[in-house]
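Below is one structure; the comments refer to it alone.
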Amino acid sequence: MSDASDVLDAPVLSAEQVADYLAAHPDFFTAHTHLLEKLYVPHQRGTAVSLVERQTSLLRERNQQLHGHLADMLDAARHNDVQFEKTKRMVLALLESWTLDDVAVAIEESLCRDFYGDETELLLFSERSLASNSIRTLARAEDSLVQPLIETNLPSCGQLSEAMNRFLFQERSVKVQSAAVVPLVKGETLGLLAIGSHDPNYFQSSQGTLFLSYVGEVLSRVIFRILQEQGG
């Protein structure tokens, strides 16, 4: 039998060491089931429950969390499916456009009807008059006010300055509280697509711009093709 001095000299295990050991040996209580009768874990209401009951409760909570994550993933998948169908309709309408007016109609119908924009403006830079009744044309020398939007070659979202807002949306600018502006680039900057919302929080600087970039790429190619067919 060990004497008292051996017991006193034995190393004292910390709570962290015990926890680490049990984590590394999850089957420990399989061989030591008698200990389960002596183990208790404080319950949230102040009562005591067995370790098995507590473990079951934790597994149930984790299962509920996983179900919640799965539901979120399914909701995101449904949302993406809807977005894909809307985007497909817009792209097909653009591909079937043979004039700049066709492009303007396709953009307005898609962005206002399917994507809930309130105002759209398609602005092209050209030194000559373009065959369109629906698209504004400006000489490149007149683009100084929106040059910061052009130089990035990337979509911009948020609240525009009053002057920039008025430049893009003209008489409708009083209603536009937030906007997304997409540079149209194909070799050079062809113009700008501006989408305005009456909601100041609809377009925010922190939001993703992947969809807007895609719209800009498709639209740039369609407009470039039409301009080439019109002679430059």
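The values are calculated or read from the model by the stated rules, or taken from the named source; none is laboratory data. Given the structure is predicted, the values throughout are model-derived calculations rather than measurements. All Cβ positions, even for glycine, are placed from backbone atoms using ideal geometry, and neighbour counts span all protein chains on display. Surface accessibility is based on the protein's heavy atoms, side chains included, excluding ligands, DNA and RNA. Shrake-Rupley method; radii C 1.70, N 1.55, O 1.52, S 1.80 Å.
Under the rule a/c < 1.5 gives rounded, and otherwise a/b versus b/c splits prolate from oblate, where does the chain land using the Cα gyration tensor?
Since a/c reaches 1.5 and a/b is larger than b/c, the shape of the chain is classed as prolate.
If you average the sequence gap of Cα pairs under 8 Å that are 6 or more apart and divide by the length of the range 57-172, what percent do you get for the contact order?
16 percent
Let me cross-check Val222: its accessible surface, 1.4 Å probe, with only protein heavy atoms counted, in Å² to the nearest 10?
Accessible area of Val222: about 10 Å².
Using +1 at the Cβ of each Lys and Arg and -1 at the Cβ of each Asp and Glu in the chain, identify which of Gln147, Ala76, Ser197 lies farthest towards the dipole's positive end.
Result: Ser197, furthest along the dipole toward the positive end.
Ordering Val146, Val174 by accessible area with a probe of 1.4 Å, largest first, what comes out?
Val174, Val146
Hey, what angle do you get for helix 15-24 against the long axis of the chain, alpha-carbon based, 0 to 90 degrees rounded to 10?
For 15-24 against the chain, the angle is about 70 degrees.
Counting alpha carbon pairs within less than 8 Å and at least 6 residues apart, what relative contact order, in whole percent, applies to the range 113-232?
Dividing the mean separation by the residue count of the range 113-232 yields 27 percent.
Report the charge-dipole magnitude of the chain in Debye, nearest 20, computed about the Cα centre from +1 at each Lys and Arg Cβ and -1 at each Asp and Glu Cβ.
600 debye
Counting only protein heavy atoms and using a 1.4 Å probe, what share of the accessible area of the chain belongs to carbon plus sulfur, as a whole percent?
Accessible surface attributable to carbon and sulfur in the chain totals 55 percent.
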